[in-house]
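First the structure, in the form of structure tokens, and then the observations on it.
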């Protein structure tokens, strides 16, 4: 599905606006759209690994940086795991959900989850929700997966295994991005000729973010639902107070907490 350029940006004022603008459930290719929320509309669609170019240069390349982080995480995370991931992508997904830089980009099949992430951070700037129309259905965690020895040549969609309650609660899927050769620069999805035509951006003015937070709270979207663990339980207390008392800065920020 290629989206006409004049339809790639829309502005919303409420939950209802977003729902009204959503595309059909299935694209002609048979793949559902997926969504990602940004609390700053100026952020590009760039996985965290590729935001560390200086470190990559020191390590000698993107592959070396990824392998270093993966090896360190496997060694240190194992004592805390009930189930040990078997494949490299399972490990990368677990790293991603514990805030280590990876080549994965988080998405969700639930547009309201993406909207919550967009409005749950700082309200000082315009936020947005991205909609992406993949070419194919995601590979499931139980199938053979692309690992670090079989480099993908294009963006792939992957549904991770349920190694964390957050993965299930957030209806998570990942886009898997090829590592640039050597120390070449990574091109963000929204700047890529191959991907930009399958993206839409729903802009959210900062003036309506508090109202949308309240709408989502009434629909049951908050840290307690999307982070089903002790941290989420604790942060849900601040979220409830922040929604109730808008002039008090208690916002739960999943990007900087």
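Structure summary
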{"read-out": "Nearest-ten-degree value, helix 62-77 long axis tilted from longest Cα axis of the chain", "value": "80 degrees"}
{"read-out": "For the chain, built as a Gaussian network whose Cα springs stay under 10 Å, the top-fluctuating residue of 133, 116, 43", "value": "43"}
{"read-out": "Most mobile of 242, 122, 71 in a GNM of the chain (Cα contacts under 10 Å)", "value": "71"}
{"read-out": "Kirkwood-type radius of the stretch 1-125, with distances r between different C-alpha atoms, in Å", "value": "17.4 Å"}
{"read-out": "Label point distance in nm, residue 125-residue 22, each placed 7 Å from Cα along Cα→Cβ", "value": "2.8 nm"}
{"read-out": "Extension reserve of the residue 136-residue 109 stretch, reckoned as 0.36 nm per residue once the Cα distance is removed", "value": "8.3 nm"}
{"read-out": "Folded to 0 to 90 degrees: helix 209-218 orientation relative to the chain principal axis, Cα", "value": "90 degrees"}
{"read-out": "Max mean-square fluctuation residue, GNM over the chain, Cα-Cα springs under 10 Å, options 47, 180, 79", "value": "79"}
{"read-out": "Rounded tilt (10° steps) of 230-244 against the dominant C-alpha axis of the chain", "value": "30 degrees"}
{"read-out": "Dimensions (Å) - the stretch 54-204, Cα atoms, principal axes, largest first", "value": "41, 37, 34"}
{"read-out": "Residue-span extension gain [residue 207 to residue 76] - 0.36 nm each, minus C-alpha spacing", "value": "42.8 nm"}
{"read-out": "Taking the chain and dividing mean pair separation by its residue count, relative contact order in percent (alpha carbons under 8 Å, at least six apart)", "value": "29 percent"}
{"read-out": "P(r) weight above 24 Å for the chain, C-alpha pairs, percent", "value": "49 percent"}
{"read-out": "Kirkwood Rh in Å, taken over the stretch 56-112 so that all alpha-carbon pairs contribute", "value": "12.5 Å"}
{"read-out": "Sites residue 219 and residue 13 - FRET efficiency at Förster radius 25 Å, r taken between beta-carbons, to 0.05", "value": "0.95"}
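Every number in this text was worked out from the coordinates using simple rules, so none of it is lab data. The structure displayed is predicted, hence computed values, not measured ones. A quick note on method: Cβ atoms are made from the backbone with ideal geometry, for glycine too, and the neighbour counts reach across all protein chains shown.
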